[in-house]
Structure formats: C-alpha cells, structure tokens
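All of the numbers you see were taken from the coordinates with simple rules; none came from a lab. Keep in mind that what you see is a predicted model, and the values were worked out from it rather than measured. Note that we place each Cβ from the backbone using ideal geometry, even for glycine, and neighbour counts take in every protein chain shown.
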Amino acid sequence: MRPKRNVRMATAAPALIALRGCENRFLVYNSPFVMAESNQTLDLKEFQLHDKDTGSADVQVALLTHRIEHLTEHLKVNRKDHSSRRGLLKMVAQRRSLLDYLSKTEADRYKKLIEKLNLRK
C-alpha cells in the first residue's frame, strides 16, 4: 500500500504558490474595488448619431480604437503575451472592415471619423 499523503502539506502548497508570483509579497483580497470614471462614455457622445446610439459603425470604430490603443501599450510592456497580440490583430481587422463599410456607404462620415480619431488614410 501507498503511504498516506500529508494533508497539511497539500493544502499549504497553493498558498505558497500564490505568494511566489507576487512582487511585494502582500496580497490584499478584501480591498474595495473602485472603478475609475469611464472616459469612454464621454468620448462616445461625439461619435453617436443620436442619444441612444451604441451600435453604429462610428461608435464601434471609436470603441475599437480605444481598446486597440490600450492593448498596444500593454503589448509594449508584455512582449511575450501572444494571446493578447492575437486579440489585437482581430480588433484591428474588425475596425478595418467597419471603416471599409463606412467608406463605401457614407464617405463623409468616414472622413469625419478618420479625422476625429487621428487614423491614417
């Protein structure tokens, strides 16, 4: 028969592993989560076609641009984060297809959007 495992050792190991990855060796689990005031909602008002517009191509492109900029900064620091890089490429492709759609259907909205977001083309 196999000897019994030490139960105390098995339960203590995950706690030690969690502490090993933390730089300052202090974990705070019960700290209050404070969400910063979202600047996305403020920026969206200038891209919306009407008050409750959340799904037009203009708004989607603005949101994607904001997320792309944020993820680009993340990838400058974390160069080996390949899954985030893949997500970034998917977002860029989605934005490109939305911009292509806008350029074919409504060229004036496309030009205004490009100027507001400081995108190339």
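Ordered by packing density, taken as the mean number of other Cβ atoms within 10 Å over each peptide's residues, highest first, how do 96-107, 54-65, 72-83 rank?
Details: 96-107: 13.8, 54-65: 17.9, 72-83: 10.3.
Ranking, from highest mean packing down: 54-65, 96-107, 72-83.
Going by how many other Cβ atoms sit within 10 Å of their own, how do H50, H66 line up, fewest first? Please report the intermediate quantities before stating the final value.
Numbers: H50 6, H66 15.
Fewest-to-most ranking of H50, H66: H50, H66.
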